[in-house]
Each structure stands twice: as C-alpha cells, then as structure tokens.
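Below: the structure, in structure tokens.
Each reported figure results from applying straightforward, stated rules to the coordinates on display, with no laboratory input. Values in this document were obtained by computation on a predicted structure and should not be read as measured data. Here the Cβ positions follow ideal geometry from the backbone for every residue, glycine too, while neighbour counts run over all protein chains shown.
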Amino acid sequence: MKKLLLLFTLLFIFSCNQSTVDKKPIGEPDQKPTSDKVESDNFGIVIHGGASTILKENMTDSLEAEYKKVLTEAIETGHSILANGGTALEAVQKTINIMENSPLFNAGKGAVFTNAETNDMDAAIMDGESLNAGAISGVTTIKNPINLAYEVMEFSPHVMLSGKGAEEFAKERQIEIVDPSYFYTENRFQSLKKVQELEKKEADSINNATAFYDPFIKNSKFGTVGCVALDKNGNLAAGTSTGGMTNKKYNRIGDAPIIGAGTYANNKTCAVSATGWGEFFIRGVVAYDISALMEYKEMSLEEAAREVIQKKLPELGGDGGIIAIDHDGNIAMEFNTTGMYRATMNKKGELTLGIYKENENNTSQE
Ligand code: ASP
C-alpha cells in the first residue's frame with residue numbers, strides 16, 4: 001500500500017512539472033529542445049532569387065552582373081554567420097534580408113504590384129530542429145517580411161498572421177515599418193500595367209470580365225527569394241519571402257508562407273524553399289513532399305527533389321523550382337523553368353552561381 005501511495009505521489013509531481021513546461025507565456029521565446037549534438041565542422045547554404053522564363057538572350061551583361069553581385073553578397077553574409085558558429089535560422093534570415101533590400105528581387109523593396117496597385121508580401125521561416133515555424137501574409141508596410149515571420153515563430157503562440165493583425169504584431173515587436181511608397185519601383189509598376197492590358201484583351205476576347213491567372217500572368221511571376229542552411233550543430237532552417245504574383249487579387253496568398261508548400265525544414269530530412277506558380281506548390285504540398293519522400297521512401301535529396309519538380313509538379317500543370325539542403329550537407333537546386341537565380345556555398349567557402357538551365361549541374365553530394 002505504501003509503495004502504491006509513493007508511486008501516485010511521484011506521478012502527481014511529474015504531471016505538475018509537465019504542465020508548467022507546456023504553458024509557454026506569450027512573448028517568451030520557445031524552449032529549444034536540449035540537444036546533445038556535438039558541433040561538427042560541416043555546414044552549407046543555398047539561396048534562390050526566383051525561377052521563371054529567364055533566358056540569356058533577354059539579359060544584358062550588366063544586369064546579369066548585378067544579379068550575381070547581390071546573390072554573392074547574400075550568400076557570403078549567411079556563410080560567414082555559419083562559419084562563425086551561428087545558427088541556420090540566423091543565417092537564413094540575414095541572407096534573405098540582403099535580397100529583400102535589393103530592388104532586383106520580388107521580395108521586400110522589389111515586391112511586385114497587386115491588381116489594386118499595392119505591394120502585399122508573404123514570408124515564412126522554419127526551424128528544422130524544433131519544427132517551429134512562423135509565417136505572415138498580405139503585409140504592406142514591413143520592410144523585411146522575413147524578420148516578422150521570425151518574430152511570429154519566436155514570440156507568438158501562433159504560426160501564421162495576416163494583414164492588419166500581422167502589422168499590429170510588428171509594431172509591438174518593434175519591427176521596422178516603412179511607408180508603402182518605399183516598395184514602389186518603376187519596373188514592377190510597368191509590369192503590372194502590361195499584365196493588366198493583356199488580361200483585359202483576354203477578358204474581352206472571351207467576353208468574360210473575370211478572366212484572370214491566365215498564361216500571361218503565369219509568365220509575369222519571378223524573383224521570390226529563399227534560403228536554406230545547415231549549421232555546425234547539424235540544424236537545418238528554411239525561409240522564403242515574396243511579393244507573390246503580379247496583378248494578384250482578392251488577397252490571394254501564395255505558397256511561400258504556407259508551411260509544407262513553399263517552405264519546410266526538418267532535421268530528420270532536409271530544408272526546402274520553393275519558387276514558382278504558388279497555387280500548384282500549395283496543391284502539391286511540394287516542400288513537405290520532398291521531405292516525406294526522403295523520410296518514408298528513403299530517397300536521397302536529389303532523387304526526391306527531381307521526382308517532385310520534374311514529375312509530380314508538371315503533371316499537375318505547375319512550374320517553378322526549389323532549393324534544398326539535407327542533414328549531411330547535400331544540396332539540390334531543381335527547377336522545370338528555363339532559369340532560376342541561385343547560389344551555393346559549402347564549408348570550404350566554394351561559391352557556385354547559376355541563372356540559366358543549360359549545362360549546369362544542380363545537385364552536389366558531400
Ligand atoms: N511562389 C510565389 C507565389 O506564388 C511566386 C514566385 O515564386 O515567383 O506567390
């Protein structure tokens with residue numbers, strides 16, 4: 001009887017302890033699972049700046065050089081964080097910031113215009129160690145949307161915030177707010193006007209005022225940014241930031257902020273960031289599908305990425321690409337469009353840069 005009483009008392013004390021651990025006060029960073037991993041010297045980082053119809057013949061040498069310059073600056077930023085023992089999450093965030101601050105990419109400063117002539121941005125970040133994630137959609141005043149996604153992950157009990165609520169949270173967290181005019185770029189505005197003209201022609205020709213998301217619009221998307229990284233502690237992280245698709249309507253949300261569709265990280269498998277026609281990436285749950293093929297079918301990262309991007313996505317009718325890195329530092333940069341802005345840097349600091357498809361090897365084994 002005494003033994004039974006002791007057992008009940010111990011069980012009671014244990015369950016009390018559990019419930020205090022579970023109740024994380026709002027505003028407190030999440031508890032990281034304690035890790036007994038030993039720091040290894042392996043790490044790596046991969047970035048993309050969007051996939052679409054990118055052809056050498058449509059590119060000037062000086063524009064190509066500008067893209068390469070920003071891609072290099074971005075990846076060097078993340079690489080040096082990782083080399084100094086920083087986390088994959090920090091590397092992903094700071095790397096994406098560089099691309100968000102450039103007008104070249106469809107994220108932050110260079111975000112595309114909606115049908116209502118606003119710039120509505122989406123972003124997400126995910127930690128492969130804890131499977132914690134943060135995402136935001138439809139924000140119009142956040143200078144660096146990936147930073148707000150990070151705050152949602154670390155300092156709110158939620159995964160995804162949208163619109164006005166997300167901006168209210170940004171103020172509370174003292175995230176940098178800018179006037180919406182900061183996101184005006186003449187290039188992007190002219191793209192909107194071109195797409196709207198084509199859309200009107202299309203609508204007139206089929207006598208249907210609601211024609212939208214037709215092939216013209218399909219060709220008008222590009223420039224989303226993403227980053228995946230493996231740090232020296234063996235932790236993976238993924239992040240994606242975008243203005244979405246030119247001329248989007250009705251508060252449309254793409255795949256980038258949807259965990260599992262455009263962004264996913266899991267230390268068991270890999271970290272993935274996607275770019276392309278978001279509706280198909282959502283329906284195909286692309287980023288998680290790559291991870292699932294590795295986990296359940298024991299495919300390599302290269303096989304899983306190829307299966308999803310070259311087979312399953314086109315079967316649905318979608319186009320675009322992904323970048324990914326696995327827990328061993330193998331990388332994949334798979335796309336079914338004519339180009340994807342991309343770069344990698346391994347632990348030795350070896351840089352690869354790519355834009356077009358031809359003659360480029362897009363995977364590497366550690
Ligand atoms: N995937 C993004 C979206 O659909 C667009 C892109 O990657 O270019 O919102």
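Some points to look at:
- Cα gyration tensor shape of region 32-189, rounded if a/c is under 1.5, else prolate or oblate by comparing a/b with b/c: oblate
- Relative frequency of Cα-Cα separations exceeding 17 Å in region 121-165, percent: 22 percent
- Most to least packed among 339-351, 306-318, 87-99, 128-140 [average Cβ atoms within 10 Å]: 87-99, 128-140, 339-351, 306-318
- Total formal charge among the other residues, if their Cβ is under 12 angstrom from that of residue 104, Lys/Arg +1 and Asp/Glu -1: 0
- Hull shadow area, averaged, region 53-127 [alpha-carbon convex hull, nm²]: 6.4 nm²
- Pairs over the 24 Å Cα-Cα cut-off, from the set 164/193; 69/94; 68/171; 69/143: 164/193; 68/171.
- Total formal charge among the other residues, if their Cβ is under 11 angstrom from that of residue 300, Lys/Arg +1 and Asp/Glu -1: -4
- Region 266-306 shape via C-alpha gyration tensor axes, a/c threshold 1.5: prolate
- Kirkwood Rh and Cα Rg combined as Rg/Rh, region 266-366: 0.95
- Within-12-Å neighbourhood charge of residue 249 [Cβ basis; K, R +1; D, E -1]: -1
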